[in-house]
Structure formats: structure tokens, C-alpha cells
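Since the structure comes first, as C-alpha cells, the remarks are kept for the end.
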Amino acid sequence: MNFSRDEVVTLLSDLVKIESVTPWLIESGAGERKQAEFLADWLSDTNLEVTLDEVADGRPNLLVRLRGNGTGPTLCINAHADTVGFANWSDRALTPKIEGDRMIGLGAADDKAGCVSALLAVRALAKQNIELSGDVLVACVIDEEGISIGTEHLVANHKIDYAIVIEPTGLPIAITEHQGFGWIDIIVHGKAAHGSAPDAGIDAIVHMAEVVKRLHELDEREWAPNPDPKNGRTVFHTGTIHGGTDYATYPNRVVLGIEIGSQPGETLDNRVSEIEQIFSDIKKDLPNFHGEVDVKLNRNPFVGAGYEPLLAAMDKAAITVIGKPMEPRGENSWTDAALLQEAGIPTLLVGPAGGNYHAEDEWVSIPEVVQMTEILYLTIVELLK
Ligand SMILES: [Zn+2]
């Protein structure tokens, strides 16, 4: 089955034009409803079962089911409908632009191309009336760029036997594992006092500076020199800092927000105990140091299992479309694949090549979106024959 560059470009352009910024990140973000409604309408001339499954107020997952004959497994193809914000390139982010083989626009790669490939493949199958053993469930989920309530809702409410998550990995890469991550607040307590009373005050900013320094020393000493062979260097960076009240007062509280990774075999608890060790070390030098850890979000690593039949079907499809099998690999950044696998669903993460994600002039390779669509089509036929 061949898909044309034109049909890919047309649908992807239509989606890029529809703002679907996750309101979890940007309060004024439009959310995913308008795009879901557009796609439901686009599918209205097929026999596909289309549902807007409301997950949060005005924010539905778009679910598109192609019924099999009930004897085979259900394959879910998951791509996210939301994007990050676009304040740095608001003059052009929602105006898709073609430059050679690339389409430039907000969400072109991350992850509207995934929705496009999955929907074009399933729509073609529906129109051809090809009998399949199991169902295909395309889920264009909400809030992946937020806290993934779309995929959480999906796995809690649907029976799924295999899943393909589409994110821009570049063909023929198939991600079979990746790091987990946490968002952690580190809170340092001082003691407020008049600015000219150094004996009465405890400067929380000075104490936090010590935490930041030692976190980076730990990174240099432990995490950086010991990357996971598949998933790379453990993610660590400082993200936000807030503290103090005014020029004239010793600051009594500082909050540092960090993002930090965990490797397969670890949990975020490994990182939390390393941070607590830093606290006790600091206390030896600064006896009135008082620190606390507050975990805001904890996502476990993705460790794929049981995906072999899916990978075999995809290999066969990839050989037909691009002349080589998929290449299993690890990755450092987190995706919704972890939530699907955690729910016991064998999952692979694949997708077309792109770049500048979460930045100006995000782009996707149009030929790879076409190839991804063809690989999905053939994978479905092979797995559910
Ligand atoms: Zn993404």
C-alpha cells in the first residue's frame, strides 16, 4: 500500500494550523478538542468507530477503532494530540511551511505526524474493507506534554494487547527502553531576620547555593561518568528557583526545582536518597542547614517486554518499505510508552525523523512520515492477519 506525499502534507498542514497547546503547561493553551473534532469530521465518511473520550474538562482523547473479527489481539497506536507553547515563534508556528523534504511548524514532528500516520493507515484499511483478526485502536491522546493524563485514562479504560507509541525517533529506530524521570522540589529553610542582624538570621540562599554546587559535583562524579549503555547519561538539570522576600531581610526559604532521571532497574527513590545524603554532608559543615525533598512527579523508566511478535511484524513491514528491519535502541527522554508497558502492554516506540522539538522551527521529514504510514499499515496487516 502506497501513501502519497500530498495526502500526508495536506492532513499534517491542517493539524499544524489547529493550535492544541496543552493548558497544563500554558494556561491559555487551547487544548486538544478542536483538533479532535476536526479529525472526527475528517473520518466521518468511513465505518470507523470514532469517540471523543473526555478525560478532563473540554479535553478529549480521540479514539478511532477499526473492528477486527474478534479472534486476534487489540493493537493500539498511540500519538499525542497536544503540543508545548510557541511564544518564541508565534509569528509562524501555526503556519506550516514546506522546505524541500521538511515540513516546519508547531507539532509537525512532536507529535502531529504521529496522529497523521496512524489515522491515514487505519482509514485506508477501513476503506479497503480488509478483514483483520483483532481491533486497531488509534488513540490521539491529550496532555503528553503535561502529565500524561490522556494515556493514563486510556490504559485504565481499554483492553489493549500491544501498543505502538509514535514519537519522532527517526526510522528505522525502535525504542525498547528509556529513562524514567522525576520533577523534584528541594526546599531549604533559613531564618528570617533584619538585614543588619547576621547573628539572628540563617541565609537560605547561601545554604541552597551549597546544595546546587554539590548536586553538580555528584553529577560530575557519579552520573556523567557512568552512562547507561542504552539510555545514556542520567538526566539532571536545575529548572527553577524561588526564594527570599526582600533586600532588607535574611531569606527564610528557597525552593529549587530540578528534573532528574532514573535508569532501568532504578526508581526515583535512588535519586532522593542521593539528595538526602547531600543534605547530611552539608549539615556537617553547616550545622543549622535544614533541607527537604518534595517529589512533584515520578515517572518510572520504560523497559519493554513481550513485544517480540509486534517487532517481528514491524520488521517485515520495514523491510518492504525501507529495505531494512527496525533497529531496537534505548533513549534518555521519557514518553507515554512507559505508562503503557507499566500497564502490562508490550510496547514499542517508533516514529519519523524530525528536529527542533519544543523550539523554534520544529520540523519533520515528510518522506519519513509517508514511510511511517506505510510501515504502520503493513504492520497492522501482518500482526492481525
Ligand atoms: Zn512528543
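The values are calculated or read from the model by the stated rules, or taken from the named source; none is laboratory data. Every value quoted in this text rests on a predicted model; they were computed, and no experiment measured them. So basically every Cβ, Gly included, is an ideal-geometry build from the backbone, and we count neighbours across all protein chains shown. The area values use the complete protein model at the heavy-atom level, side chains included, leaving out ligands, DNA and RNA. Shrake-Rupley method; radii C 1.70, N 1.55, O 1.52, S 1.80 Å.
Structure above, values below:
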| item | result |
| --- | --- |
| Of 239, 304, 134, the one that fluctuates the most in a GNM where the chain has Cα springs shorter than 10 Å | 239 |
| Rh by Kirkwood over Cα pairs, then Stokes-Einstein D for the chain at 1.002 mPa s and 20 °C, µm²/s | 96 µm²/s |
| Packing-based ranking, highest mean first, of 280-291, 3-14 given that Cβ atoms within 10 Å are counted | 3-14, 280-291 |
| Listed peptides 293-300, 32-39 by packing density, highest first (mean Cβ within 10 Å) | 32-39, 293-300 |
| Unsatisfied cross-links (Cα-Cα over 18 Å) in the set 17/127; 324/385; 17/97; 112/230 | 17/127; 324/385; 112/230 |
| The range 171-241 and the range 268-333: distance between their alpha carbon centers, rounded to Å | 16 Å |
| Backbone N within the range 50-66 under 16 Å of label point (7 Å from residue 159 Cα along the Cβ vector) | 66 |
| Sparse-neighbourhood loop sites, chymotrypsin sites (Phe, Trp or Tyr not before Pro) in the range 174-274 - DSSP loop, at most 10 other Cβ within 10 angstrom | 247 |
| Carbon + sulfur, % of accessible area of the chain - ligands and nucleic acids excluded, 1.4 Å | 50 percent |
| R0 of 51 Å, Cβ-Cβ distance residue 293-residue 69: FRET efficiency to nearest 0.05 | 0.45 |
| Mean separation of Cα contacts under 8 Å (6+ apart) over length of the chain, as relative contact order % | 23 percent |
| Mean accessible surface per residue for the range 68-126, computed with a 1.4 Å probe while every protein chain stays in place, in Å² | 30 Å² |
| Inter-label distance for residue 277 and residue 2, nm, one decimal - labels placed 7 Å from Cα along Cα-to-Cβ | 6.0 nm |
| Segment residue 285-residue 127, extension gain: residue separation times 0.36 nm, minus the distance between their alpha carbons | 49.7 nm |
| Two-site label geometry, residue 255 and residue 54: point separation in nm, points 7 Å out along Cα→Cβ | 3.1 nm |
| Cut-off 11 Å (backbone N to label point 7 Å along Cα→Cβ of residue 42), residues of the range 350-385 | none |
| Residues with amide H under 5 Å from that of residue 351, placed H, sequence gap 5 or more | 167, 169, 170 |
| Mean separation of Cα contacts under 8 Å (6+ apart) over length of the range 180-299, as relative contact order % | 43 percent |
| Calculated [θ] (222 nm, deg cm²/dmol) that DSSP helices of n ≥ 4 give over the chain, each run adding -39,500 (n - 2.57) | -10000 deg cm²/dmol |
| Calculated over the range 180-299: convex hull of Cα atoms, volume per residue (Å³) | 92 Å³ |
| The range 234-330: GluC sites (Glu not before Pro) falling in loop per DSSP and having at most 16 other Cβ within 10 Å | 266 |
| Shape call, the range 18-65: gyration tensor on alpha carbons, a/c limit 1.5 | prolate |
| Whole-Hz ³J(HN,Hα) from phi, Karplus 6.51 cos²θ - 1.76 cosθ + 1.60, for the range 172-177, glycine and proline x | x, 5, 10, 7, 10, 7 |
| Karplus-derived 3J(HN,Hα), 6.51/-1.76/1.60, for each residue of the range 47-58, Hz, glycine and proline x | 8, 5, 8, 10, 10, 9, 9, 5, 9, 9, 3, x |
| Difference of contour (0.36 nm per residue) and Cα-Cα distance, residue 319 to residue 343 | 5.6 nm |
